[in-house]
1. Look through the stretch 20-58, keep the residues that are under 28 Å from Ser365 (Cα atoms) and not in a helix (DSSP H, G or I), and return whichever of them is modelled with the highest pLDDT.
2. Give me the pairs, please: first residue somewhere in the stretch 133-162 and touching a residue at least 24 places away in the same chain (Cβ under 8 Å) and farther than 24 Å from Val49 by Cα, second residue anywhere and part of a strand (DSSP E or B) and aromatic (Phe, Trp, Tyr), beta-carbon distance under 6 Å, and either six or more positions apart or on two chains.
3. Which residues, counting only those in the stretch 66-88, are open to solvent by 10 Å² or more (accessible area, probe 1.4 Å) and within 16 Å of Gly121 (Cα to Cα)?
4. Hey, can you tell me all the residues within the stretch 169-201 that are without any contact (Cβ under 8 Å) to a residue 40 or more places away in the chain and either within 26 Å of Leu92 (Cβ to Cβ) or hydrophobic (A, V, I, L, M, F, W, C) (or both)?
5. Within the stretch 236-244, is there a residue that is open to solvent by 10 Å² or more (accessible area, probe 1.4 Å), without any contact (Cβ under 8 Å) to a residue 24 or more places away in the chain and either closer than 29 Å to Ile158 by Cβ or not in a loop (DSSP other than H, G, I, E, B) (or both)?
6. Filter the stretch 346-402 down to the residues that are closer than 21 Å to Ser137 by Cβ, of a type in the set (Ser, Thr, Tyr) and open to solvent by 20 Å² or more (accessible area, probe 1.4 Å) and list them by number.
7. Mind counting the residues in the stretch 278-300 that are open to solvent by 30 Å² or more (accessible area, probe 1.4 Å) and within 28 Å of Leu232 (Cα to Cα)?
8. What number of residues in the stretch 246-277 are open to solvent by 30 Å² or more (accessible area, probe 1.4 Å) and among the acidic types (Asp, Glu)?
Amino acid sequence: MLFHISYAAQVMLSTNPVSTALPAPSAGRIAAIDALRGLVMLLMMVDHVREFFFIHAQVSDPMDVEATAPALFFTRLAAHLCAPVFVALTGLAAWLYGRKAGGNDPAAIARAASGFLFKRGLFLVFLELTFVSFAWSFDLTPRTYYLQVIWAIGLSMIALSALVHLPRAALVAVGLVIVLGHNLLDPISIAQGQPGHALWAILHDRGFIDLPWGARARTSYPLLPWIGVAALGFGIGPWFVGAWRDRRNRLLATGLCALALLVILRSLNGYGETPWVVGSSPIRTVMSWLNVTKYPPSADFLLLTLGLGALLLAGLEKAPARLVSWLAVLGGAPLFFYLVHLYALHLLQLLAVTVLGPNQGEVWSLPGVASIWLLAALVAVPCWYACRWFGPVKRASRQPWMKYL
């Protein structure tokens, strides 16, 4: 095991640039990255269909294993991939952007990436508080603002805009310390109304923050672990200028090492997690073992999702070109897809209530988990065509703000 962890650290810091690169769907893009982003966005849509159309069967975090049907449990578990993979790819994309502007000079890469990260991070925070918040609530003056994944990505980018100036080894070390060590801070809790509560709620302890005009904010995505994930994504950037076989081997090694470390930590049965127990059936025992915490993401949660994400990215390097190209259409316009699918799902819910009437309290709900996946697949089709239209429009536009979408 020590050999595997040592090897993972070596491949994390290795570059070995070679001239060949995987063909991309558009100039300067790596198809597998866009395809992985597209894949996790489809899983995100499934989870958001659950939020809009199956909310009567809400799940806790971590989930209540004995009270949650296996189909619903594994549907929610699949969606756990979305945020960690997306944040890691955000860091990776920032490195690729910096290299495009700064060439092979690490200092120039850092400068170019830093400016872009800071400005786009501010833009995402603004977007979360306005268009994203409205998409969820359709309320211009909500009583509660939910600071979710776009907020977390935006603030992670702002933090990363400073961290990128560190030497690469130090940046990777910071990312690993945060990802693996932040659960040591779990015993720290600052009650609402106490000094430092707002800052701690933003960084690590999910909670509510009172706002001056009488509303409140819910820090659904505590920030600190996501900064570590973004830093690791930036740190693996040099892998993607070499031969695709080299980076695929590094991704495979990293993914397997992350899952091996997960097995070790989960076997200790306590660090950063509710201990797993033998359930009432074998499937319940498996569910208990996999029942990791997302808010904030535990070390186990991040090892599981980032490990699987690395393996998926390695697999997409050799996946059929048609599948990669199809997924890359979504992954090439991620923020556009995010906004379009939220508004589409909310409007569909309002249409269903208007036409069919509510069947679960004030909302119209689907009959089961299979129908969640079916509706997500149906909505994905027009979203895909919208992204196929928008991608070339974005690339052809000369408007500076378009690159942020």
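The values are calculated or read from the model by the stated rules, or taken from the named source; none is laboratory data. All figures in this text were calculated on a predicted structure; none of them were measured in a lab. Glycine gets a Cβ as well: all are built from the backbone with ideal geometry, and neighbour counts include every protein chain shown. Areas reflect the complete protein model, heavy atoms only, side chains present, ligands, DNA and RNA absent. Shrake-Rupley method; radii C 1.70, N 1.55, O 1.52, S 1.80 Å.
1. This residue is Phe54.
2. Pairs found: none.
3. Hits for the stretch 66-88 are Phe86, Ala88.
4. Within the stretch 169-201, the first condition is being without any contact (Cβ under 8 Å) to a residue 40 or more places away in the chain, and the residues that meet it are 170, 173, 184-185, 187-201.
Listed by number, the residues that qualify are Ala170, Ala173, Leu184, Leu185, Ile188, Ile190, Ala191, Ala198, Leu199, Trp200, Ala201.
5. no
6. Across the stretch 346-402, the qualifying residue is only Thr354.
7. Residues flagged as open to solvent by 30 Å² or more (accessible area, probe 1.4 Å) and within 28 Å of Leu232 (Cα to Cα) within the stretch 278-300 amount to 3.
8. Selection size over the stretch 246-277: 1.
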